[in-house]
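Participant: Sharing a structure, written as C-alpha cells. Questions coming.
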Amino acid sequence: GCYRECGKDLAYVHFTDGSRLYPGGSNVDFKAHMHAMLDIGYDGYVSIECRPYPDPYRCAKFSLDYLKALEQIVKIERYRRERPAIL
C-alpha cells in the first residue's frame, strides 16, 4: 500500500534490510517490492544500502546480479499473470 499511496511522488527507492546484507542475502522479500513498484509504473532508480560483506566488490556484484535476475523473474511472473497458459 505504501507504493500506491506515494507513487506519484516517488523519486527513488532505497533497498535495505535489518541485517544490512546484500539483496538476496537475508530476509526481505524484494520480489514483492519490485511487483509493487511495477504496479504503480515506477521506472526510476533503486539504490542499495548494505555492509560490504564478504568484501566490497563481491557485495556489489551479488547485489547487482541478484536484482537483475529478480527483475527478469518479476517480468516473467507478470507476463504469465496477464497471459495464462493455454492447455
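For (1) touching a residue at least 40 places away in the same chain (Cβ under 8 Å); (2) assigned to a loop (DSSP other than H, G, I, E, B); (3) out of contact with any strand residue (DSSP E or B) (no Cβ under 6 Å at 6 or more places or on another chain); (4) not basic (Lys, Arg), each residue gets a yes or a no:
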position: His14; (1), (2), (3), (4): no, no, no, yes
position: Pro23; (1), (2), (3), (4): yes, yes, no, yes
position: Met37; (1), (2), (3), (4): no, no, yes, yes
position: Arg51; (1), (2), (3), (4): no, yes, yes, no
position: Cys59; (1), (2), (3), (4): no, no, yes, yes
position: Asp65; (1), (2), (3), (4): no, no, yes, yes
position: Ile73; (1), (2), (3), (4): yes, no, yes, yes
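Participant: Inside the stretch 8-24, can you point out the residues that are over 13 Å from the mean Cα position of the chain (by Cα) and at negative phi?
Facilitator: Answer for the stretch 8-24, where residues must be over 13 Å from the mean Cα position of the chain (by Cα) and at negative phi: Lys8, Asp9, Leu10, Ala11, Gly18, Ser19, Leu21.
Participant: Considering each of Gly25, Gly44, Gly18 in turn, give the residue that is surrounded by 12 or more Cβ atoms within 10 Å (Cβ to Cβ) and at pLDDT below 90. Walk me through it before giving the result.
Facilitator: Numbers: Gly44 fails: surrounded by 12 or more Cβ atoms within 10 Å (Cβ to Cβ); Gly18 fails: surrounded by 12 or more Cβ atoms within 10 Å (Cβ to Cβ).
After ruling out the rest, the residue left standing is Gly25.
The values are calculated or read from the model by the stated rules, or taken from the named source; none is laboratory data. These numbers come from a predicted model, not from an experiment. With ideal geometry, Cβ positions are generated from the backbone for all residues, glycine too; neighbour counts draw on all protein chains shown.
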